[in-house]
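The next block holds one structure in the form of C-alpha cells; read it before the comments.
Just so you know, all these numbers are worked out from the coordinates, no wet-lab data involved. For clarity, every value in this text was computed on a predicted model and none was experimentally measured. Quick reminder, even Gly has a Cβ in these numbers, built from the backbone with ideal geometry, and neighbours come from all protein chains shown.
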Amino acid sequence: MTAARETLVLVPGMMCDERLFGPQIAAFQQAYDIIVGDLTGADTIGGLASALLTAIPAERFNLAGLSMGGIVAMAMAGIAPQRVMRLALLDTNHKADLPERSAARNDQITRVRAGHLREVVVEELKPHYLGGANRSNQALLDLLVEMAVDLGADTFVCQALALRDRPDQSTALAAWRGSGLVLCGAEDTLCPPDWHDEIADLLNGAELTVLPGTGHISTLESPDAVNQALRRWLMRTPIGVSAPVHP
C-alpha cells in the first residue's frame with residue numbers, strides 16, 4: 001500500500017506569488033502535494049493566517065514561508081500548531097513593525113493609492129531585496145517588479161497594513177514544538193541574520209542556515225542551497241504538538 005503524500009505549503013513574501021518558489025516547486029512537486037498560499041484576502045496577519053488555514057485541505061502539512069510569508073506562517077503555527085508538521089521560516093522577522101518602518105509604510109501606501117505602485121517597488125523595495133552578486137541580475141529584478149504589478153495596488157495596500165499592524169510572534173514561536181528550519185541570506189539587509197538567530201533560539205531544536213552571497217530573496221538567489229536545506233528539513237521526523245496561542 002502506497003503511503004499518502006505529505007502536503008508542502010509555501011507562503012510567499014510581500015507582493016510575490018508562486019514564482020517566488022519556482023525552483024522549490026520544481027524540486028519537490030513529484031514527492032509532495034504543493035500549495036502556494038494566497039495572501040490577498042485580508043489586511044491583517046491573523047486574518048491571512050486564518051484564511052489560509054481554512055483553504056488548506058490537508059489536516060496536517062509542512063509549512064514554509066519567506067519574509068511576509070514567514071510572518072503569516074508563524075501566525076498559522078500559533079493558531080493551529082497541531083496542523084503544522086514542520087515549520088520553515090526564511091528571510092523573515094518575528095517582531096512587530098518598528099516605528100520608522102510603520103511611517104515608511106504609511107508613505108508607501110499613500111503613493112500606491114495615488115497610482116505609483118511600480119515606482120514604489122522599483123525605488124523603495126527592489127534595491128533592498130538582493131545580495132551583491134545578484135543586484136545586476138536583470139531577469140530577477142524584472143521578475144520582482146512583474147509579480148508586484150500583477151498583484152496590484154489593492155493587494156499592496158492590504159499587505160502593507162497587515163505588516164504595519166502585526167503583533168510580535170515570539171510567544172507563538174516559543175510555544176510551537178516541531179521540526180524547524182530557520183534560513184536567511186548572509187546579505188539580507190531587510191531581515192538580517194541576527195534576527196534569525198533569535199528565531200532559531202525561540203524554535204526549540206530549529207536548524208539555522210545562513211547562505212553566503214545571498215540577500216532577501218533566497219529562494220531565487222540561491223535555489224540549490226535552499227532546496228538542500230528544505231530537503232534536510234523535510235526528512236526530519238515531526239515531533240510534538242503544542243497548544244494554540246491566542247494573541
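Table for the structure above
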| item | result |
| --- | --- |
| Cβ-based charge dipole, segment 99-161, positive-most Cα from Thr155, Ala139, Asn106 | Asn106 |
| Stretch gain in nm, segment Glu100-Thr189, where the contour uses 0.36 nm per residue and the Cα spacing is subtracted | 30.5 nm |
| Long-range HN-HN contacts of Met14 with modeled amide H, under 5 Å | Met68, Gly69 |
| Kirkwood Rh, angstrom, segment 1-93 [1 / mean 1/r, Cα pairs] | 13.1 |
| Nitroxide proxy distance, nm - points 7 Å out along Cα→Cβ at Thr54 and Ala175 | 2.1 |
| Cα long-axis angle, helix 45-55 against the chain (0 to 90 degrees, to the nearest 10) | 50 |
| Cα pair distances of segment 138-247 binned at 5 Å [whole percent] | 2, 10, 14, 17, 19, 18, 13, 5, 1, 0 |
| Whether segment 99-161 is rounded, prolate or oblate, judged on the alpha carbon gyration tensor where a/c under 1.5 counts as rounded | oblate |
| Extension reserve of the Gln138-Gln29 stretch, reckoned as 0.36 nm per residue once the Cα distance is removed | 36.5 nm |
| FRET efficiency estimate (nearest 0.05) - Cβ-Cβ, Asp154 to His128, R0 22 angstrom | 0.45 |
| Percent of Cα-Cα distances greater than 24 Å, calculated over the chain | 41 |
| Per-bin percent of Cα-Cα distances, segment 133-181 [10 Å] | 19, 25, 30, 25, 0 |
| In order through segment 120-135: 3J(HN,Hα) via Karplus (6.51 cos²θ - 1.76 cosθ + 1.60), integer Hz, x for Gly, Pro | 5, 5, 5, 8, 10, 9, 4, x, 9, 7, 10, x, x, 5, 10, 5 |
